[in-house]
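Any read-out appearing in this document is the output of simple, stated calculations on the displayed coordinates, not a laboratory observation. Model, not experiment: these values are computed from the prediction. Cβ sites come from the backbone with ideal geometry, for glycine too, and all protein chains shown count toward neighbours.
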Amino acid sequence: MKKRDVISKKVQAISPSGIRKFFDILATMEDVISLGVGEPDFVTPWHVREAGIYSLEQGHTSYTSNYGLLELREEIARYLRRRYRLSYNPQREILITVGVSEGLDLAMRAVLDPGDEVIGYEPSYVSYLPCTLLAGGKFVAVPTTIDNGFRVRAEDIDKRVTKKTKAVMLGYPSNPTGAVMDRDSLERIAEVAQKHDLLVISDEVYERLVYGVEHTCFASLPGMKRRTIHLGGFSKAYAMTGWRIGYAAARADIIEAMMKIHQYTMMCAPTMSQMAALEALRAGEPQVESMVAEYDQRRRVMLKGLNAIGLDCFEPRGAFYCFPSIRVTGMNSERFAEQLLLEEHVAVVPGDAFGKSGEGHVRCCYATSMEEIEQALERMGRFIKKHRAR
Ligand SMILES: Cc1ncc(COP(=O)(O)O)c(C=O)c1O
């Protein structure tokens, strides 16, 4: 078989994540401060780890239901009711997934037919486009810019709707920009979804990481529960990235369709991790609050520091990223990230890794210690002084 025939056209059409490339360079260097990886620097709270360990001690080493542990689904249903006044049937409307990552893939594959279009926005999370393509769909991106706070506008979605549009992809609070959406803007998007009979896939993995604003859950807007595939997770709020647990909440017919794929590809999410997630939801609230308070302090320091060294940055109100403009250097974002890494040993992610409209920015993650943030800012300040375009 010829080399080019081995890999499917679908897979050939997607590129490896632009984030990874930098980590390969970084792995060969010493004394690097990484503002690159988008994951909490905290270790999972001890009582949650203990619940995982205890589940092993108790011998819970077999499969769970394909939908996931019923107790965990019930706890998630209670959480969504308590927090967003949403009412999901834990038996039929909630599916435990292997992280939000799997939830995204299942959602796309469950609803898309070849050629169906998904309207998303950019810069946005690196998986939205490839998951759409792998499911046979087409990703139609609305560019967003710093001028509108990186929020996607309903009218821009409306303009791009065609006969083939099946869904809108939202992911707020946003990775990489830290933007959040206000209720009014989401309501306008809900009207567009209603008008054109569209589904909305809403990745709310950062719902708990908001600073001084309230998160609006898209499914909780009037009439939207039946149109929304809500994706939630444990990775960010509970510092549980390695446990690989997330969930999807949606109408029973959609959850059943997602479950069919999940059943044949995953069987179920890891049992030990489901037990730990149950403990996280039941008793992890104080830890979530203290981690959020800590992120907020780091956010303020990074925002102030970036603006002070001449990298204009709008105020991120969610997730754990700053997305400053690097215009003062006249470099493109890939060159900036590469030079900064080589000259000052600070890793950031080029903005264009999140779509073309991310060009001219870099993503700096503040889920790292205050000391590292301060040192990184000092090194970046030196770098900017040297490279400021005249
Ligand atoms: C916006 C967004 N969605 C989903 C994920 C994946 O989360 P999980 O660890 O639950 O698969 C990430 C991880 O960085 C993310 O930033």
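Numbers for the structure displayed
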read-out: Binned Cα-Cα distance frequencies in the range 330-369 - 10 Å width, integer %; value: 34, 51, 15, 0
read-out: Length added when fully stretched, LYS304-PHE23, from 0.36 nm per residue minus Cα-Cα; value: 98.5 nm
read-out: Highest average packing first - 348-355, 372-379, Cβ atoms within 10 Å; value: 348-355, 372-379
read-out: Neighbour cut-off at most 10 other Cβ (10 Å), DSSP loop, trypsin sites (Lys or Arg not before Pro), the range 80-132; value: ARG85
read-out: Linear extension gain, MET266 paired with SER15, 0.36 nm per residue minus alpha-carbon span; value: 88.0 nm
read-out: For ILE53, ILE157, ILE261, order by how many other beta-carbon atoms lie within 10 Å, fewest first; value: ILE53, ILE261, ILE157
read-out: Length released on extending from ALA283 to LYS356, taking residue separation times 0.36 nm less the Cα-Cα span; value: 22.1 nm
read-out: Ordering of 229-242, 206-219 by packing [mean C-beta count within 10 Å, highest first]; value: 229-242, 206-219
read-out: For the range 130-252, convex hull volume per residue from C-alpha positions, Å³; value: 127
read-out: Given charges at beta-carbon only (K, R positive; D, E negative), |dipole| of the range 214-360 in Debye; value: 520
read-out: Spread of Cα-to-Cα distances over 5 Å intervals beginning at zero, given as percent, for the range 11-143; value: 2, 8, 11, 13, 15, 16, 16, 12, 7, 2, 0
read-out: GNM flexibility winner over the chain from SER273, SER174, SER124 (Cα, springs under 10 Å); value: SER273
read-out: Within the chain: Cβ-based charge dipole about Cα centre, in debye rounded to nearest 20 (Lys, Arg +1; Asp, Glu -1); value: 1120
read-out: Residue-count net charge about LYS260 - beta-carbon cut-off 14 Å; Lys, Arg +1, Asp, Glu -1; value: -2
read-out: In degrees, nearest ten, helix 271-283 long axis to first principal axis of the chain (Cα); value: 80
read-out: Pairs from LYS10/LYS260; LYS159/LYS260; LYS10/LYS164; LYS304/LYS386; LYS164/LYS236 whose Cα-Cα separation, in the structure shown, is over 26 Å; value: LYS159/LYS260; LYS164/LYS236
read-out: Estimated Rh, the chain: Kirkwood, alpha-carbon pairs, angstrom; value: 21.6
read-out: DSSP beta bridge pairing in the chain, given as percent antiparallel to the nearest 5; value: 40
read-out: Loop-located chymotrypsin sites (Phe, Trp or Tyr not before Pro) in the range 1-85 whose Cβ has at most 15 other Cβ within 10 Å (DSSP); value: PHE42, TYR63
read-out: Computed [θ] at 222 nm, deg cm²/dmol, the chain (DSSP H ≥ 4; -39,500 (n - 2.57); rounded to nearest 500); value: -13000 deg cm²/dmol
read-out: GNM result for the chain, Cα springs below 10 Å: residue of VAL152, VAL32, VAL100 fluctuating most strongly; value: VAL32
